[in-house]
Structure formats: C-alpha cells, structure tokens
Amino acid sequence: MGEALRHLDRYGSQPGAIVVAEALARFLVARCQSHHAGWRVVRQVVVDSAADAPWEKCARRAVPQVAADLMELSAQEGNTPLHRAQHLAARRRAEQIADHLDQAAVLTDLGLEPIAVTDGRWREALGAAVVARSREQVSRAIANSLGAASAN
C-alpha cells in the first residue's frame, strides 16, 4: 500500500494513475473495519440504531470518491501518509451510510436533540464523526458539526 501511495504521489498525473487509485481505494475501503477505529465506532452507532444499512453497496459507492480523493492528494506536494488515505476511506464510507439512516433516531440514540438538517449536512456530520474513538465522541462530533444541542 505504501508503494501504491508513493506511486500516485510521483505519477498521479500520468494516464494510468486512476487505475492505481481505484485499486488502492477498493483496498482502503475494505480495510476500514480492521484498520480504522473511528469507522468501527461510527459503524457500531449505526448498528445500535437498528438501521438496515446496505453495507456493501455503500462501500462500493465510496470507492470512486476515495479514488478521486487520492488523485487530488497526489496532485499536492509531498507524500500522502497511509493513515491519511485510510481516514479518507473511513470518512467516505460513513458519508455513504448516512443516506440510509433515520437522522432523528440516530440523534436521539446519541442523546442529541433531533433537528432537521439537509442530507448534505447529515452526510458531512457522520463523515466528521470518524475521528471519534467512543460513542460519546461520536455524539460530540456530530453535535459540533450540526450545531445540535444535547437532549440530556
């Protein structure tokens, strides 16, 4: 993986770079469960909400976005660290799952006041929550992102 990231950093503007980015994106999205603690916490919040999320479908939909993110990173100066690429994959997975959740139920379950937000803001808030390492941190991250008040 490190070699693939270095290849993108060096040759991201080359015609075949997108193939490398897509392969790397598929790998990073798949390994979120085992290599990204924040994604595991967000996933558990979703599971606890009793949502019937289409996990694999959402993972597949995240791949093109992660590949595009990797291509953007390759255009920037410097090397892309693996942890940054993995975090992008986790964020995109969370954003894809957001559309399949009952916002009010998840917010209530997290101890937050349900508020009406656009789908885009909801996706962004759930994506931002992958920095969390606990359920309480997920709640705080979503509240900060949405400007929501605690229900407790």
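Every read-out reported here was derived from the displayed coordinates using simple, explicitly stated rules and does not represent laboratory data. In this text, all values refer to a predicted model and were calculated from it rather than measured experimentally. Using ideal geometry, Cβ is built from the backbone for each residue, glycine included, and neighbour counts are taken over all protein chains shown.
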Count the net charge of all other residues whose Cβ sits under 9 Å from the Cβ of Leu73, scoring Lys and Arg as +1 and Asp and Glu as -1. -2
The chain: most fluctuating residue of Asp109, Asp52, Asp69 per GNM, C-alpha cutoff 10 Å: Asp52
Region 1-61 -> Rg/Rh from Cα coords, Kirkwood Rh, value 1.12
Using θ = phi - 60° and the Karplus curve 6.51 cos²θ - 1.76 cosθ + 1.60, what whole-Hz ³J(HN,Hα) does each residue of region 71-79 get, with Gly and Pro shown as x? 5, 4, 4, 5, 7, 7, 6, x, 8
If one computes the Cα centroid of region 64-121 and of region 1-44, what distance in Å separates the two points? 15 Å
How large is the dipole of the chain about the Cα centre if only Lys and Arg carry +1 and Asp and Glu carry -1, each at its Cβ, rounded to the nearest 20 debye? 380 debye
Can you list the equivalent-ellipsoid semi-axes of region 17-152, largest first and in whole Å, using the square root of 5 times each Cα gyration tensor eigenvalue? 27, 15, 13
Fluctuation leader among Ser34, Ser134, Ser74 - the chain, Gaussian network, Cα springs under 10 angstrom: Ser34
Give the residue list of trypsin sites (Lys or Arg not before Pro) in region 21-62 that are DSSP loop and have at most 15 other beta-carbon atoms within 10 angstrom. Arg31
Over region 58-105, one equal point on each Cα, no solvent: what is log10 I(q)/I(0) by the Debye formula at q = 0.21, 0.32, 0.33 Å⁻¹? -0.71, -1.16, -1.19
Give the average over all directions of the projected area of the C-alpha convex hull of region 78-124, one decimal, in nm². 4.2 nm²
